[in-house]
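Taking it in order: structure first as structure tokens, then the write-up.
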Amino acid sequence: MAGGIFSPLGSCSELEKANCHPLVCLLCHEPYQHPCLLDCYHNFCASCLRGRACDGRLRCPLCGHPSVVRGGTGLPPVDRLLQFLVDSSADSEEDVQCANCDRCCTKAELDTMYFCNTCGQPLCAPCREETHRARMFARHEIVSLSKRTKDIHKKCPLHEEPYIMFSTEKKSMLCINCFRDMQGESRAHCIDIETAYMQGCQRLDQAVMAVKELQTSTREAIVLLKAMIEEVRNSASEEEAAINSLFSRMQEQLSERKKTLLKAVQSQHEEKEKAFKEQLAHLASLLPTLQVHLVTCSAFLSSANKAEFLDLGYQLMERLQRIVKLPHRLRPAQTSKINSEYRAEFARCLEPLLMLSPRRSLVGSAGGIGPGITGTNMLPGGQCSKTLMVPSCPPSSDKMSSGPMVKKPTMHRYISTKVLLAEGRETPFAEHCRNYENTYRMLQTEIQGLKDQVQELHRDLTKHHSLIKSEIMSEILQKSLQMDVQIAAHYSAVEMMRSVFEEVWEETYQRVANEQEIYEAQLHDLLQLRQENSCLSTITKQIAPYVRSIAKVKERLEPR
């Protein structure tokens, strides 16, 4: 029933068109019947709100604001002001009939009709001249029909006397009897009807001006929010496109680097396998030679006598010594581990993509969220302060503009600083961050004050067409120049700390790099020892049968 109320509005013109008639209910779209006023100042017919209350609360069908309802009806109080307007509108739209001649008068002829407050009847112009000119009607009060006043608003219902005073304390009209019955203190707050009417009109004009200003601000806020919604949509599209583009380039770079790394791994594998096979072939050819000479020694010892031993034994010993002294590659010349440093290579290929100049959106969040919307305009909790929206200007200091770009937005920097200070470590950089935050907040507060002043002047000039003294603008400009000098000085002071912190960062980086190198070397040494032990076990297993056979031969020759 009220679905049309919540349809989105595309522009301010549509917003104006969507405004309903002030005397028509937004739910039933009919003229108000017993209009009720909610706490959110929305009006609805009593019949439209009946049955909607729950636990003494009634939610507004338009904005959802809860209103407290009292009594058994479950309805908010009747809006007397709106009911008066509805009744007045109904009266003005009725066809008026003369009480004397029964002549019907159209709306265009209402100005020629009269009303006798004494008789309480309307009169046409001829009947007024013919009937109410007699002496018996001389005391009758006859007024124009368009300006007539009802008896209920003219006379006191308690004393049937006309109203003559108005109490500013009780906000009610008084007759002479009501005034006499009042206490002396309350009489001081009573004024005549005409004065009360003039004062009320002035106050109403002031209230209307305040509402008009709020209306203007509301329209400006609607335009701003719609612009920000559109900007958020565009920013999201740009962000998605940037993510997809970066991801595609990262995939291309990673794919190319993957092919290169696989080729390097295959090359290392072929080289190591070739070297190990050559060494294995050499050792495989050496092992039969050693075995033959061992068997030869055993047979020579078992069959040669002393003379034969002395004749040929030294020749055999010399041969064995030469065999032992030959350069045999018993240990592997290199490790079996293939190391392509793929993590470092992947990181190195992505570094040009990930370490580009700061993203526009990140820089914009520190300097400006969008056209005319600055980051400092946003208050904690996501609220937007009333600051003048001006385009971003280049910094006046060449040193500041040529310095390195900030890689983190203001909010990320603020959170990171909070985490660093919460760790409680007393380091030079932590002390620097603590001092920086204090100075930055002071500068930010002063800048915000200047923005508020300029915004108010801008509004007075464009909306209210007020004259602005040139001295005020000169004073604001002077303060802005002073702030620029302070910011430049603070920037220079922070920049001077760079060399100190870079030395500390370099020492820390070198220490970490040395520790990583020592750690990797420790792992490599342990792996090498493990490989040597494995080779030793293998050789021991291979020699064991020959050792046992020689031992058996020696046992047989021992008696001789």
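Here Cys201 meets each of (1) surrounded by 13 or more Cβ atoms within 10 Å (Cβ to Cβ); (2) modelled with pLDDT of 75 or more with one exception, condition (1). In the stretch 260-310, the qualifying residues are those that are among the acidic types (Asp, Glu) and either within 19 Å of Thr335 (Cα to Cα) or at pLDDT 85 or above (or both), and the one that is least open to solvent (accessible area, probe 1.4 Å) is Glu273. For Val363, indicate whether it is modelled with pLDDT of 85 or more, open to solvent by 50 Å² or more (accessible area, probe 1.4 Å) and not charged (D, E, K, R). For Val363, the condition - modelled with pLDDT of 85 or more, open to solvent by 50 Å² or more (accessible area, probe 1.4 Å) and not charged (D, E, K, R) - is not met. Of the residues making up the stretch 529-560, those that are open to solvent by 100 Å² or more (accessible area, probe 1.4 Å) and acidic (Asp, Glu) are Glu555, Glu558. When Val211, Val292 are checked against the criterion of being closer than 30 Å to Arg548 by Cβ and either free of Cβ contacts under 8 Å to residues at least 24 places away in the same chain or of a type in the set (Ser, Thr, Tyr) (or both), a single residue qualifies: Val292.
May I ask you to list pairs of residues, at least six apart or on different chains, whose Cβ atoms are under 9 Å apart, with the first in the stretch 509-532 being under 29 Å from Arg331 (Cβ atoms) and the second being outside any helix (DSSP H, G or I) and open to solvent by 100 Å² or more (accessible area, probe 1.4 Å)? Filtered contacts from the stretch 509-532: His524/Lys337; Leu527/Lys337; Glu532/Arg331. Being acidic (Asp, Glu), over 19 Å from Leu81 (Cα atoms), at pLDDT 85 or above and in contact with a Gly (Cβ under 9 Å, 6 or more places away or on another chain) holds for only one residue in Glu238, Glu231, Glu213, and it is Glu231.
Which members of the stretch 22-45 meet the condition of being open to solvent by 40 Å² or more (accessible area, probe 1.4 Å), in contact (Cβ under 8 Å) with a residue 12 or more places away in the chain and not polar (S, T, N, Q)? The answer is Pro22, Cys28, Glu30, Pro31, His34, Leu37, Asp39, His42. On the stretch given as the stretch 1-36, residues that are in contact with a helix residue (DSSP H, G or I) (Cβ under 7 Å, 6 or more places away or on another chain) and modelled with pLDDT of 65 or more total 11.
For Thr112, the criteria (1) at pLDDT 75 or above; (2) of a type in the set (S, T, N, Q); (3) touching a helix residue (DSSP H, G or I) at 6+ places or on another chain (Cβ under 7 Å) hold in every case but one, which is (1). Counting just the residues of the stretch 215-259 that are surrounded by fewer than 11 Cβ atoms within 10 Å (Cβ to Cβ) and among the aliphatic types (A, V, I, L, M), which one comes out nearest to Tyr342 (Cα to Cα)? Filtering the stretch 215-259 for residues that are surrounded by fewer than 11 Cβ atoms within 10 Å (Cβ to Cβ) and among the aliphatic types (A, V, I, L, M), the one nearest to Tyr342 (Cα to Cα) comes out as Ile243.
Is it true that Thr462 is loosely packed, with under 10 Cβ neighbours inside 10 Å, of a type in the set (Val, Ile, Thr), modelled with pLDDT under 85 and outside the structural domain of Val295 (by the TED database)? For Thr462, the condition - loosely packed, with under 10 Cβ neighbours inside 10 Å, of a type in the set (Val, Ile, Thr), modelled with pLDDT under 85 and outside the structural domain of Val295 (by the TED database) - is met.
The values are calculated or read from the model by the stated rules, or taken from the named source; none is laboratory data. Keep in mind the model is a prediction, meaning the values are calculated, not measured. All Cβ positions, glycine included, derive from the backbone under ideal geometry; neighbour counts span all protein chains shown. Surface areas here come from the heavy atoms of the whole protein model, side chains and all, with no ligands, DNA or RNA. Shrake-Rupley method; radii C 1.70, N 1.55, O 1.52, S 1.80 Å.
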